[in-house]
1. Determine, for the stretch 1-101, the count of lysine pairs separated by eight or more sequence positions (or lying on different chains) whose alpha-carbon distance falls under 23 Å.
2. Could you compute the net charge surrounding VAL114? Neighbours are other residues with a C-beta less than 12 Å from the C-beta of VAL114; K and R count +1, D and E count -1.
3. Among ARG132, ARG107, ARG17, which one shows the highest mean-square fluctuation when the chain is modelled as a Gaussian network with alpha-carbon springs under 10 Å?
4. Skip the ligands, DNA and RNA, and give the accessible area per residue of the stretch 91-141 with a 1.4 Å probe, whole Å².
5. Describe numerically, in nm with one decimal, the distance between label points set 7 Å from Cα along Cα→Cβ at GLU61 and at ALA130.
6. Suppose R0 equals 22 Å; then what is the FRET efficiency for TRP141 and LEU165 from their Cβ-Cβ distance, rounded to the nearest 0.05?
7. Cα to Cα, under 30 Å, and not fewer than 8 places away if on the same chain: which lysines meet these conditions relative to LYS139?
8. Using per-residue counts of other Cβ atoms within 10 Å, averaged over each peptide, order 87-93, 34-40 from highest down.
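The values are calculated or read from the model by the stated rules, or taken from the named source; none is laboratory data. Small disclaimer: the values here were computed from a predicted structure and weren't measured. Every residue, glycine as well, gets a Cβ built from its backbone with ideal geometry; the counts of neighbours run over all protein chains shown. The accessibility values were calculated without ligands, DNA or RNA, using every heavy atom of the protein model including side chains. Shrake-Rupley method; radii C 1.70, N 1.55, O 1.52, S 1.80 Å.
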Amino acid sequence: LKNNEFSVFQIGEGVLRKIKPSGKLLDIGAGKGVFVSLAEKNGYEAKGIEPSPMFCEYAHETYGVQVEQGYLGQGDHFKHEQFDVITLFHVLEHVPQPQELLATISRYLNDDGVVYIEVPNADATLLWIADRVFRLYGKNWSSRISPLHAPFHSMGYSPKSLKYLL
């Protein structure tokens, strides 16, 4: 990532470009603004929202992008705006009430808008192996709920459960 900090997001941005090559984009859980910056470089009018004030400051100072501090639907953030694309890169698994967030997102999305969600696959073989390693070392942890670092996962999604939620 030191050589190309955008690399983590380039696949998602490439998919979006095929579906919705331009327009207004909102990145929820924008972190340090890396994806917002990448989206701007590729022609989107991009903004972000992020709970961490330090990350918002970093996004502005490092990339010169707009990342509002807070949560979508709370306060006056983007109150009267509509977006063509709304992205959530590894955010939904941290949200305790995902149905509420998705309902909020629908209020900010244009009728022909696109929501891009990327979450870890809870059915992934690698996670199954990690769980076995935890058990081997006597740890009652689950790799599916991110036991090793905050912010912890409150939900785990498989392709089937994500489709069900949506």
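1. 15
2. Cβ neighbours under 12 Å give a net charge of +1.
3. The residue that fluctuates most here is ARG132.
4. Numbers: 3300 Å² over 51 residues.
On a per-residue basis, 65 Å².
5. Once both label points are built, they end up 3.1 nm from each other.
6. 0.35
7. Qualifying lysines at Cα under 30 Å: LYS160.
8. On the way: 87-93: 21.4, 34-40: 23.6.
So the peptides 87-93, 34-40, ranked by packing, come out 34-40, 87-93.
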